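The values are calculated or read from the model by the stated rules, or taken from the named source; none is laboratory data. None of the values given here were measured: they were computed from a predicted structure. Here the Cβ positions follow ideal geometry from the backbone for every residue, glycine too, while neighbour counts run over all protein chains shown. All accessible areas refer to the heavy atoms of the entire protein, side chains included, with ligands and DNA or RNA removed. Shrake-Rupley method; radii C 1.70, N 1.55, O 1.52, S 1.80 Å.
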Amino acid sequence: MSTNIKVKDTPFKPRRVPGDIVFAVVAVAFALFLLSQLGSETTWLKGISLGSQPRFWPAVSIFGMVFFGLVYFIGSLRNLANQEGSVGKEILFWLRGLEFTIWFMAYVFITPVIGYLFSSILFCVVLAARVGYRSLRSLMISAGLSVAIVLLFKTFLQVRIPGGTVYEYLPDGFRNFMILYF
């Protein structure tokens, strides 16, 4: 039986998407930036073998980043005409992941204000609803999960997380309990 496999159908031919050229430019620019910082961030010591030099391995990796980034950039340029779709849509797709970075940063900033327990419950429930779990049962499970995580970290693992500013308004005995365990 004879099979005619086209180069297009092999797993070794890279599939190019519209954002490849943008990714290649960013990768090469970042690698060149790191290369420009190599001299000021690392040193070359006299009397030490090449493999033990503080600058050697960072230089090898950064030169590798520059080389392979340029190879990828040239490949993206060569296939620019064959790409289908919109570069803008591709970049927007990449940026969608930043939403959860923003959620995390909001969590980090609100925890010292309302406390680890309340911020964990709030964000766990809100994020569960955000990703589509909107039934009362799902939201209750997410709230219970966040309480279990807080108890695990604060009580069993004894991770020191500062209490929230709102804890200052609680009665003395209850405030100490909340700061220690929640």
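For the reader, a short list of remarks on this structure follows.
- Dipole axis of the chain (+1 Lys, Arg; -1 Asp, Glu on Cβ), positive-most option in 61, 91, 75: 75
- The chain - Rg and Dmax from Cα coordinates, angstrom: 25.9, 84
- Residues in the chain average 73 Å² of solvent-accessible surface per residue, probe 1.4 Å, ligands and nucleic acids excluded.
- Alpha-carbon spread of the range 20-85, three principal axes, descending order, Å: 54, 18, 11
- Cβ charges +1 (Lys, Arg) and -1 (Asp, Glu), total dipole of the range 97-181, debye: 220
- Residue ranges 103-109, 44-50, 163-169 sort as 163-169, 103-109, 44-50 when ordered by packing (mean number of other C-beta atoms within 10 Å per residue, highest first).
- Descending principal axes extents, the range 69-158, alpha-carbon based, whole Å: 57, 32, 22
- For residue 159 and residue 70, the difference between the fully extended length at 0.36 nm per residue and the C-alpha to C-alpha distance is 27.6 nm.
- In the range 63-161, the portion of solvent-accessible area held by carbon and sulfur atoms comes to 74 percent [1.4 Å probe, whole percent, DNA, RNA and ligands not counted].
- Phi angles of the range 52-69 translate, via the Karplus equation with coefficients 6.51, -1.76, 1.60 and θ = phi - 60°, into HN-Hα couplings of 9, 5, x, 8, 4, 5, x, 5, 4, 5, 6, 5, x, 4, 5, 4, 5, x Hz per residue; Gly and Pro are given as x.
- Here is how the number arises for the chain: DSSP H runs of 4 or more residues each give -39500 (n - 2.57), the sum is divided by the residue count, and the result at 222 nm is -20500 deg cm²/dmol.
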